[in-house]
Every structure is written in C-alpha cells, then in structure tokens.
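Heads up: the structure comes next, in structure tokens.
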Amino acid sequence: MSQSLFSWSLIERWRASRAALAVSEGESDTTKNDTMATVALNYMEVLRNHETVAARTANVEVYKELVAFVKIRQSGGMATGLDAARLETQLENERQRLELAKSDVERTKLILINALGINFDLNLVLTDEFKAPEEPVPTQNYAMEVALANRPEMKAQQQRIQVSTLNLSSIKGERLPSLQAQGDYGVIGNQIDNTLSTYNVGVTLSIPIFDGGQREGRIGESRSQLRQEEIKMNLVARQVTMELREALVTLTSAKEQYRIAKDGLKAAMTEVQLARERFRLLSSNSLELSNALFSLVRARDNMIDGLFRANASRENLARAMGQVEALR
C-alpha cells in the first residue's frame, strides 16, 4: 500500500479536474439556453401563423359580404360588372392566401414538435394568446450586468481560465518536495502452516532536482494556454455585449413598429367604413372601396408582423441576458 501524504501538484490537478467538470456543465447550460430560445421562436411562429389565419378568414368574410352586396346593386343597375369582378378577384386572392396560411400553421407545428422532441402524431394545441409584451425595455447597464452574471458562455469561459490556472499551478508544484507513505505486509515460509509475518513501513520524501528542462517547457506551454483562454474571455465578453446591445435596439424598434402598426390598423378600419358608406350612398364605383380593403389587409399583416417582431425581440433579449428559462 502506498499513500500520498502531500503533493501540491496532485492537489492542484484534482482542483483542475473539478473545474473542468464545471466547464462541461457550463457548455451544457449554453446548449440548453440556445435550445430553449429556438423552441420559443418556433412557438411564436406557430402563434403568428394562427393569427394570420384569423386575419385571412376575417378578410375573406368581408370580401364575401361586399361581393354579395355589389351583385345585388348590379342587378338593380347601381353597380357595374367591373365592380363585382374587382372584388371577386380580391376575394379569390384572399382565399388563396388563407389556404397558404393554414398550411403554414401545420408546417410550423411540425417544426415545433420536432424541436420539442415529442411524438409527431400528437394533436398540438397552443393555448397562449399572441399579444404584445407589456414590460418596459430594461436599461443597458442593468441588462449588461445581468448578462455578464447569467450568460452560461461567460461562466464556462471563466471556468476554462480557472482550469488553465490550476494546470499551470500543478506543473509549477512539481518543483516542490512531495511526501509519500508506503507499507507492505506478507508472510514467508516453506509451508502454508509454517510461516512468519513480514512487513515494512516507510515514509519517502521526494525532492525534484533536475528533469532535463521538460518541466519548464510544460510550464511555458501551460502559461500560453492560460493566455489564450484569457483572450477568449475577452472575445466572449464582446460577443455577449454585441448580442445584448443588438437585442435592446431591436426590441425598442419592434415595440415602436407595433405601436405604429396598431394605429395603422385603426386608420385602415376607419377608411374601409367610410368607403363602404360612400359606396352605398353615392353609388360611386368600387375602386375606393377596393383600395380601402387592400389597405386593411396590409394593415392587418403589419399588425401581425409587429406582434411577432416584438415577441421575438423580447425572446432574443432574454437569451442575450441569459434569462430564457424565466421567460413567460
């Protein structure tokens, strides 16, 4: 039996192995953070397409109502065939867009199911409403402080630096004396029933003197590795900073775009209402009404895009801050 009593090199090597385990855990957390962010974006894509289907359905119903109304007026000589044909063309376009939106729902559901790793035969039903985020945009200083503390990439890189530091210390520790205890016990004799016990116990003090310069070479290599990890730490910090600032700018812009789209939808609905009244009362052609409906369709699309951008930007900011798991 032998047992090391003291070796600074072995102690530092043991600490380095524990730090290396923390690096693996940090890399696992990074993968987890990125995976949750991807799933969240896929989830919002499905919600977006659900909203698109609802908008397309509403557009189709409006066009169907107006086509029926125009045909009644046409039969009474108050509208032309061109008026009816114009609205029917837009109706068929919206029906085609509706079918495309329905297929997009099913397609993005498959992508989400695949990202979740669940059975494709399950009937996936999303219960969340697609609404704009209400919380204010955090300040840059606060967001940066949270990101530097929570991003798993930062934690993993800090652990890599610690591993390199401990490896360097371990190699330097080989210069120091080490102490080892040794013991041996056995029996000696010509026959099994006629033996004597034999044993020896000792303590060995090892003092390194000369190894041909190999240790110094390994120290230089380990010091270089530590320097590389410190440089990588700066690169990781800059990448986190860039992602965070980009997420803040995008979220601020997305919330403003959503506000504009919301106002635009209100204006488009008012335009359609006025155009319908004008068409009924003044017996004008349907061009103004057709243009108003086109504006309404575009405003609804802008509204859905604004909602998606706002929510996607919110999710990207949560990822940049390392808080995807806390996202609701």
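Nothing in this text is a laboratory measurement; each read-out follows from the coordinates by a stated rule. Nothing here was measured: the structure is a model prediction, and the numbers come from that model. Cβ: placed from backbone, ideal geometry, glycine included. Neighbour counts: every protein chain shown.
So how do E145, E135 line up by other beta-carbon neighbours within 10 Å, fewest first?
Neighbour counts put them in this order, fewest first: E135, E145.
What ³J(HN,Hα) values, in whole Hz, does the Karplus curve 6.51 cos²θ - 1.76 cosθ + 1.60 give for region 90-103 when θ = phi - 60°, with x put for Gly and Pro?
Once θ is set to phi - 60°, the couplings for region 90-103 become 5, 4, 5, 4, 5, 5, 5, 5, 5, 5, 5, 5, 5, 5 Hz.
Name the residue farthest towards the positive end of the dipole of region 23-145 from the options G77, A55, G117, assuming +1 on Cβ of Lys and Arg, -1 on Cβ of Asp and Glu, about the Cα centre.
Positive-end residue among those listed: G77.
Counting only C-alpha contacts under 8 Å and six or more residues apart, can you give the relative contact order of the chain as a whole percent?
30 percent
Give me the percent relative contact order of region 134-227, please, defined on Cα pairs under 8 angstrom at least 6 residues apart.
29 percent
Based on Cα positions only, what radius of gyration and what Dmax would you give for region 117-199, in angstroms?
Rg and Dmax of region 117-199, Cα atoms, are 32.4, 91 Å.
Does region 87-156 classify as rounded, prolate or oblate by the C-alpha gyration tensor (a ≥ b ≥ c root eigenvalues; a/c under 1.5 gives rounded; else a/b over b/c gives prolate, otherwise oblate)?
Oblate, since a/c reaches 1.5 and b/c is not below a/b.
In debye, nearest 20, what is the charge dipole magnitude of region 194-244 about its Cα centre with +1 on Lys and Arg Cβ and -1 on Asp and Glu Cβ, if you could check?
40 debye
To the nearest 20 Debye, how big is the dipole of region 139-216 about its Cα centre, given +1 on the beta carbon of each Lys and Arg and -1 on that of each Asp and Glu?
Computed about the Cα centre, the dipole is about 380 debye.
I'd like to compare 187-194, 43-50, 203-210, 215-222: which one has the highest average count of other Cβ atoms within 10 Å, and what's the full order after that?
Ranked from most to least packed, the peptides come out as 43-50, 215-222, 203-210, 187-194.
Using r as the Cβ-Cβ distance of S75 and T270, and R0 as 51 Å, what FRET efficiency do you calculate, to the nearest 0.05?
Efficiency for this residue pair is about 0.95.
Let's test the formula: R0 of 45 Å, r as the Cβ-Cβ distance of Q191 and E216. What FRET efficiency results, to the nearest 0.05?
Approximately 0.20, to the nearest 0.05.
Extending each Cα 7 Å along its Cβ direction at R223 and S253, get the distance between those two points in nm, one decimal.
4.7 nm
With +1 on the Cβ of every Lys and Arg and -1 on the Cβ of every Asp and Glu, and nothing else charged, how large is the dipole of the chain about its Cα centre, in debye rounded to the nearest 20?
Rounded to the nearest 20 debye, it is 720 debye.
From the residues G202, F308, A261, which one has its Cα farthest along the dipole of region 170-328 in the positive direction, the dipole being from +1 and -1 charges on Cβ of Lys/Arg and Asp/Glu about the Cα centre?
Looking along the dipole axis, the top candidate is A261.
Under 22 Å between C-alpha atoms is the cut-off here; go through the chain and count lysine pairs that meet it, provided they're at least eight residues apart or on different chains.
Pairs that pass both the separation and distance tests number 12.
Taking neighbour Cβ counts within 10 Å as the exposure measure, how do D83, D211 sort from fewest upward?
In increasing order of surrounding Cβ atoms, one gets D211, D83.
Calculated FRET efficiency, N200 and L21, Cβ-Cβ r, R0 35 Å, to nearest 0.05?
That pair, N200 with L21, gives E of 0.35.
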